[in-house]
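Visitor: Mind having a look at this structure? Questions to follow.
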Amino acid sequence: MPDTGADQSPRRFAPGWPLWLFTLGFLPILLALGFWQLDRAEQKRELQTRMEQRREAPPLALEDISTTRDPAWRRLQLTGQFDPGYIWLLDNRTRNGQAGVEVLQLFHAHPGDQPLIINRGWLPWPDRRHLPGVPTAAGLLQLEAEVVAEAEPGFRLRGASTQGWPRLITQLDPAVLAGHLDLDPPPLIARLQPGSAAALRLEWPALSMSPSKHTGYAVQWFTMAAALLALFFWAGYHRPVSGGNNNNDEHD
């Protein structure tokens, strides 16, 4: 009788060295990126907590903030006047899709005329052939402001695209601003809070990326790592290739 039983060889795990190299090369990278995003999410949560705590604290006077080790996001109560001769226009700032600039102006705080740079808020800039007009803020003013963290994205200034005043700038770097003023050390940079005199349109943007977004990116990296492992095992298990049974079965 002919042998009707098919050759059912067991599957064996034999991915081959190219698949080993590919998996071992990319899997650690995907996992590292996932854990890095989780770490960034935790850092952002800690930053948000610190910002909220400092914003809920009573405002400080300038002489008190100067002795604070980490003044970022501290609230300030200021009395003084703006210097009309030193105004920067921070370019490439949009609100609701409309192009504009943020107006930064030198502020002399009393007593002692300690200089600060105050971000007064946003102005539209519809016609780029001409710099936008900046409303004046004259006289002795009382302000409430918030100290800006130096490393915060969007608040590092590296150069000026125009000379003279007002000066158009593209990025924030306190050292560059101090060079424009011939000041050492660089002055604090703060931004006005709602209700302050001389405030323009504020609506300060939130953190560049929320903790939940970092967590979402981590899930994506871990999902890609899991998919790579699944592909590795799927491709590694295969039937051994067997030759075809082309010979006729012998009969008794």
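Visitor: For Ser196, Ser210, what ranking results if the residue with the fewest other Cβ atoms within 10 Å of its Cβ goes first?
Guide: Neighbour counts put them in this order, fewest first: Ser210, Ser196.
Visitor: How high is the relative contact order of segment 70-200, in percent, with contacts defined as C-alpha pairs under 8 Å that are six or more residues apart?
Guide: 30
Visitor: Now, a different point. What's the long-distance tail for segment 61-192, i.e. % of Cα pairs beyond 17 Å?
Guide: Every Cα pair in segment 61-192 considered, those over 17 Å come to 57 percent.
Visitor: Continuing with the same structure: Listing Glu102, Glu42 from the residue with the fewest other Cβ atoms within 10 Å to the one with the most, what is the order?
Guide: Going from sparsest to densest Cβ surroundings: Glu42, Glu102.
Visitor: Going by C-beta contacts inside 10 Å, put His108, His130 in order with the fewest on the left.
Guide: Fewest to most other Cβ atoms nearby, the residues stand as His130, His108.
Visitor: Something else about it: On full extension of the chain, what length is gained from Trp36 through His110, given 0.36 nm per residue of separation minus the C-alpha to C-alpha distance?
Guide: Stretched fully, the Trp36-His110 segment lengthens by 22.1 nm.
Visitor: Over segment 1-136, what is the relative contact order in percent, taking alpha-carbon pairs closer than 8 angstrom and at least six residues apart?
Guide: Value for segment 1-136: 13 percent.
Visitor: Calculate the dipole size of segment 61-192 relative to its Cα centre from +1 charges on Lys and Arg beta carbons and -1 charges on Asp and Glu beta carbons; express the result in debye to the nearest 20.
Guide: In total the dipole reaches around 520 debye.
Read-outs throughout are calculated quantities, based only on the coordinates presented, and are distinct from any laboratory measurement. Because the structure is a prediction, the values reported are computed rather than measured. When we count neighbours, we look across all protein chains shown, and the Cβ atoms used for this are built from the backbone with ideal geometry, even at glycine.
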